[in-house]
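Before any comments, here is the structure.
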Amino acid sequence: MSWLSAEAEEKACSRQRNQVKVNEYKENQNVVHVSLRPEQTTVLGKTAKVYLAPFSLTNYKLGQFKCPKSLLEKNSNDAVMCKKLKKTQLKKTCKKKLIPKMKAISSKAESTLQKSSLDIHAESNKLEHKNSSDAVICNVDMESSDEDTTPGLDDFSGLSPYERKRLKNISENANFFASLQLSESAARLREMIKKRQPPKSKRKKPKKRENEIGCRRSMRLLKVDPSGVSLPATPTQPTLEEDENPLLPPGPLEMIPENQDDNNELFKEFLHTWGEMNKTSRKNTEKGLFSIKSYKANLNGMVISEDAVHKVTNGSIFSVALHPSETRTLVAAGAKSGQIGLWDLTQQRKEDGAYVFYPHSQPVSCLYFSPANPAHLLSLSYDGTLRCGDFSRAIFEEVYRNERSGFSSFDFLTEDASTLLVGHWDGNMSLVDRRTPGTSFEKLIRSSLRKIRTVHVHPVHRQYFMTAGLRDIHIYDVRHLKLRGSQPLISLTEHTKSIASAYFSPVTGNRVVTTCADCKLRVFDSSCISSQIPLLTTIRHNTITGRWLTRFQAVWDPKQEDCILVGSMAHPRRVEIFHETGKRVHSFLGECLASVCSINVMHPTRYILAGGNSKSYLVSR
């Protein structure tokens, strides 16, 4: 019986070498048993099931299960061939699995899909042994899944039912849309749109009739003579573009009034009156300061009348100067157009005492009567000229000329008014000596400021002077000036916006008042010029005048150097006086004061105030 069982096993192994791959036969001398371990492989579309039945080898000998070498070689060759065949089949199945996701599978394509998996159907041979415990049954069944009943999807039997349902819906939808033939209809629509062109609407122009009479036209514009003969064309002359503010010729200019041409006698008398006023008084320095109480009482006695208001220039007033005479009230005003107006208030008629001159071509920003000879009126303009009006000789003499840069302000560096300090808009400063011949500077100094608006010299220590820039105020020492890179002794940097002016107090120079666009007037203590000048008071005051009004400039009262005079934007219109502590001392009001007085100045010895606005000239006494 043992021989019959061994022979049956050899026949079964030869029939099953294409179905089951035997990996290894292990022999062990100590353990008498044989282990058959089949290798399970998964092929897409088919499931291989291996059933193992235990058996015992107690009743069998070792030699009965030894296979010949020829059988082992055949089994190894079959295993290699199976591996190669499975790799190629796996690649094909992967490609066929991705195709339904990218393209719609047509009905014809579904029919052509063939099974690429390896169909392994083993015919199981059952060996019946009489002893059930000693029988080895090795049955390998390759059964197809009962659920893979969907036609055309045999290769996806390994997927879940949901995935198979999804792929089926995709294929059905693709077939449905393919049956609609949407691409063909879209192509036909494109061709129809291309062929159809919008109609071009052309407006038909009316035909002109030969005998139609046209509209009437001016014969003058057609340059036709009334008789019907065409006039000869007039030659066009080239037009020269004229400068709005041409520079006046260099040299002295005669005092020729623009508003009084007929009566020369009155004008000669006027010049004689101004020429005699060559002596000044120094009573203010001898008496000292008044008390605030008496000062306020004197201010309350000042009134504004219609006789004290007169228009002496054309345009806005940029500068005002009061003659220091104690017998006559003589006022000078510099206008935006370059005019200088002179007015004698002692005349009975206002028209007889006012004269206008044209010594400059651009705004006159600074006017001073000479401290050494009040018959000389010095004027500075944006056009780069500084002139001296000599009333005794009736000329405007040219003191300094620089056509490259405009001038902004000037002051007397010495008491005899022989040396001048001139500030430029580009930040330069010039030292001018009137005693030397010519109209050039002695020294041109480059400051650390980009622009200079005002220049003012200390009234006692004249080696110090102050310049107001855009947002900084610098104090220099003349003895340490250099041509380039001059550094200031003191810099005041408390201002946050544009600065309009900065002036020392007129008698002692112990105070400095500044006007800034941040609506503040600041008072500094300059009694000791050292590395710093402390800020004493900040006065809130509206200084926003706009583009059409001249900017405010706060100045000191030469009779009371602790009081500040400044214009106001408040209603009704007024001119205000503040103490250095910030208290309001007095406000000048009146019906005749109907406009904003931006520039104001006080008489050095008398209680006379002169103010200029954008159109008129005002004097209060």
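The values are calculated or read from the model by the stated rules, or taken from the named source; none is laboratory data. Fair warning: this is a prediction, and the values are worked out from it, not measured in the lab. Quick reminder, even Gly has a Cβ in these numbers, built from the backbone with ideal geometry, and neighbours come from all protein chains shown. SASA here: full protein model, heavy atoms, side chains in, ligands and nucleic acids out. Shrake-Rupley method; radii C 1.70, N 1.55, O 1.52, S 1.80 Å.
Observations
- Which listed residue, of Leu589, Leu535, Leu521, is of a type in the set (A, V, I, L, M), at pLDDT 90 or above and farther than 24 Å from Tyr368 by Cα: Leu535
- Residue in the stretch 601-613 that is under 41 Å from the mean Cα position of the chain (by Cα), of a type in the set (Ser, Thr, Tyr) and assigned to a loop (DSSP other than H, G, I, E, B) present: no
- Test: Gly509 is crowded, with 20+ Cβ neighbours inside 10 Å and over 24 Å from Val364 (Cβ atoms): yes
- Test result for Pro374, touching a strand residue (DSSP E or B) at 6+ places or on another chain (Cβ under 7 Å) and either surrounded by fewer than 20 Cβ atoms within 10 Å (Cβ to Cβ) or in a loop (DSSP other than H, G, I, E, B) (or both): no
- Hey, Gln553 under 17 Å from Thr454 (Cα atoms) and open to solvent by 20 Å² or more (accessible area, probe 1.4 Å) or not: yes
- Within the stretch 288-333, being open to solvent by less than 50 Å² (accessible area, probe 1.4 Å) and without any contact (Cβ under 8 Å) to a residue 12 or more places away in the chain holds for Gly288, Ser294.
- Enumeration of residues in the stretch 390-408 that are within 20 Å of Leu247 (Cβ to Cβ) and of a type in the set (Gly, Ala, Ser): Ser405, Gly406, Ser408
- Within the stretch 522-547, being aliphatic (A, V, I, L, M), more than 37 Å from the chain's Cα centre (by Cα) and within 17 Å of Tyr464 (Cα to Cα) holds for one residue alone: Ile529.
- Among (1) at pLDDT 90 or above; (2) out of contact with any strand residue (DSSP E or B) (no Cβ under 8 Å at 6 or more places or on another chain) - the single one Met429 does not satisfy: (2)
- Residues (under 17 Å from Asp411 (Cβ atoms), assigned to a loop (DSSP other than H, G, I, E, B) and among the hydrophobic types (A, V, I, L, M, F, W, C)) located in the stretch 477-509: Leu481, Val507
- Every condition in (1) farther than 19 Å from Phe410 by Cβ; (2) outside any loop (DSSP other than H, G, I, E, B) holds for His474 except the one numbered (1).
- Only residues that are within 43 Å of the chain's Cα centre (by Cα) and either among the aromatic types (Phe, Trp, Tyr) or under 12 Å from Phe410 (Cα atoms) (or both) were counted in the stretch 361-383, giving 8.
- Output for the stretch 311-333, where each listed residue is outside any strand (DSSP E or B) and not hydrophobic (A, V, I, L, M, F, W, C): Lys311, Thr313, Asn314, Gly315, Ser316, His323, Pro324, Ser325, Glu326, Thr327, Arg328, Thr329
- Scanning the stretch 460-485 for residues that are open to solvent by 30 Å² or more (accessible area, probe 1.4 Å) and in contact with a strand residue (DSSP E or B) (Cβ under 8 Å, 6 or more places away or on another chain) yields Gln463, Tyr464, Leu470, Arg471, Asp472, Val478, Lys482, Leu483, Arg484, Gly485.
- Tallying residues that are part of a loop (DSSP other than H, G, I, E, B), at pLDDT 75 or above and either buried (at least 19 other Cβ atoms within 10 Å of the Cβ) or not aliphatic (A, V, I, L, M) (or both) within the stretch 334-359 yields 7.
- Qualifying residue in the stretch 518-531 (condition: in contact (Cβ under 8 Å) with a residue 24 or more places away in the chain, closer than 22 Å to Ser568 by Cα and of a type in the set (Ser, Thr, Tyr)): no
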